[in-house]
Amino acid sequence: MIKYGCQKLSEADIAEVVKVLRSEFLTQGPAVSNFENEFSKMCGSKDSVAVNSATSGLHLAYLALGLKTGDQIWTTPNTFVATANAALMCGASVDFVDIDPKTYNLCVDKLELKLKNRKKTGRLPKIVVPVHFAGTPCDMERISHLADKYSFSIVEDASHAVGAYYESEDKERGCRPVGSGLYSDLTVFSLHPVKIITTGEGGIVTTNDPAHGETLRLLRSHGVTRDSDQFTISKPGSWHYEQVKLGYNYRMTDIQAALGLSQLTKLNEFIKMRRVLADDYYKILGNCEDITLPLQPQTGISSNHLFSIQLSAKLINSKKAIFSDLIEAGIGVNVHYRPVPEQAFYNKMSFDENDYSCAENYYQRALTLPLHPGMTREDVIFICETLKRVLKKYAQK
Ligand SMILES: *Cc1c(COP(=O)(O)O)cnc(C)c1O
């Protein structure tokens, strides 16, 4: 089976993990700090804080911005449930802004309109969470202008976008890596095995605000500090630590960080390979009238995390059969995503259908083709030929 997404590990990766297993530190130790430093260097952020998942990272990022009961975040319906769940974990509520049917990302025009309308009733978001779907950067320049005008914070869910770039306001500087914090307060990345690089499970949050970095470090480890400046007791014994906030155990282990460090050295190679494979898809499927191919970003550079095509309208009713035929042929297709407000858990909260009708329309037709750096160009040819044959079979029906 050619999986839709999969880690690519080398003997060097494995050797780095084994080194940690033979060392003094297993859980959070020197490898975690090294990984954080290297990640900051890669994306040009002042600080990075590694955690045990992107879900934990989102939770802590929202908490660092003070999200609490009575507050609301706005995000895209076309995302993994964790983006929204993390806000509910803070006691806040969620609302959705529909996608742009071309980019599959949160539509900034709709965001602006919703902000304008909501200003009258006073229910504005505390945080807006754009998701760089499939690794295609959102229009962050415009979103950040709206943030200034309507005073909300921004957390980027960049789970798909390690190694992606957005256009910078300053054209001379050209593209800037996602995570550089040019347009947001915090950026959260996932290091799950299907994502761009992996630590097994894991996430990392970048920020340029030292106060946020401090809060994240405190909350990922029980809210416990060993910094004497924060103690309520003067001159305590050297065993002394104090819990100053309610925190969690969201630490990354050194075992994971060693893998992350090793994976990071291959980020460029991974991104290049994803680009080659995506370009092959465009070339081979470019004239196939039964499907719509994803748009390459007009500005910035995609990390090509997912290759999500849409079936033509006449094939919608055959989607289940097309999906099964492809799986049977050994092609591990998938679907990203069923709109979050349609999930059983969210459905009870009765969202306005107008806030996810484009996302629903997209979902009806969406099909994710395999794309990961462990695939070969021959795999892409095989997938495209099989896909064309299967589509033809159902288009004629
Ligand atoms: C994978 C993913 C997450 C969750 O990542 P974990 O590291 O598995 O917690 C959150 N948001 C998006 C958009 C994702 O794709």
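The values are calculated or read from the model by the stated rules, or taken from the named source; none is laboratory data. Not measured: the values here are computed from a predicted model. Here the Cβ positions follow ideal geometry from the backbone for every residue, glycine too, while neighbour counts run over all protein chains shown. For accessibility, only protein heavy atoms count, side chains too; no ligands or nucleic acids. Shrake-Rupley method; radii C 1.70, N 1.55, O 1.52, S 1.80 Å.
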_Which numbered condition in (1) in contact with a helix residue (DSSP H, G or I) (Cβ under 8 Å, 6 or more places away or on another chain); (2) modelled with pLDDT of 95 or more is the only one that residue 395 fails?_
(2)
*Taking interchain pairs and intrachain pairs at least six residues apart, which have beta carbon atoms under 9 angstrom, with the first residue in region 264-288 and more than 21 Å from residue 163 (Cα to Cα) and the second open to solvent by 50 Å² or more (accessible area, probe 1.4 Å) and acidic (Asp, Glu)?*
284/385
*Only residues that are more than 13 Å from the ligand (Cβ to nearest atom) and part of a strand (DSSP E or B): list them for region 74-98, please.*
74, 93, 94, 95, 96
*Could you tell me which residue of region 213-226 is nearest to the ligand (Cβ to nearest atom), considering only residues that are over 21 Å from residue 257 (Cα atoms) and open to solvent by less than 20 Å² (accessible area, probe 1.4 Å)?*
223
*If you take the residues of region 127-154 that are under 20 Å from the mean Cα position of the chain (by Cα) and polar (S, T, N, Q), which of them is surrounded by the fewest Cβ atoms within 10 Å (Cβ to Cβ)?*
144
_Every residue from region 34-56 that is out of contact with any Asp or Glu (no Cβ under 9 Å at 6 or more places or on another chain) and either free of Cβ contacts under 8 Å to residues at least 24 places away in the same chain or within 12 Å of the ligand (Cβ to nearest atom) (or both)_ = 37, 41, 51, 55, 56
*Of all residues in region 243-262 being surrounded by fewer than 17 Cβ atoms within 10 Å (Cβ to Cβ) and outside any loop (DSSP other than H, G, I, E, B), which is nearest to the chain's Cα centre (by Cα)?*
249
*Of the residues 315, 293, 311, 285, which is touching a Gly at 6+ places or on another chain (Cβ under 8 Å) and at negative phi?*
293
_Those helices (runs of 4 or more DSSP H) lying entirely in region 268-369 with at least 2 residues touching a helix residue (DSSP H, G or I) at 6+ places or on another chain (Cβ under 9 Å) and surrounded by 14 or more Cβ atoms within 10 Å (Cβ to Cβ)_ = 319-328, 357-365
*Examine region 197-208 for a residue that is more than 16 Å from the ligand (Cβ to nearest atom) and open to solvent by 10 Å² or more (accessible area, probe 1.4 Å), and state whether such a residue exists.*
yes
*Could you grab me the full set of residues in region 1-56 that are β-branched (Val, Ile, Thr), part of a helix (DSSP H, G or I) and within 30 Å of residue 334 (Cβ to Cβ)?*
14, 17, 55
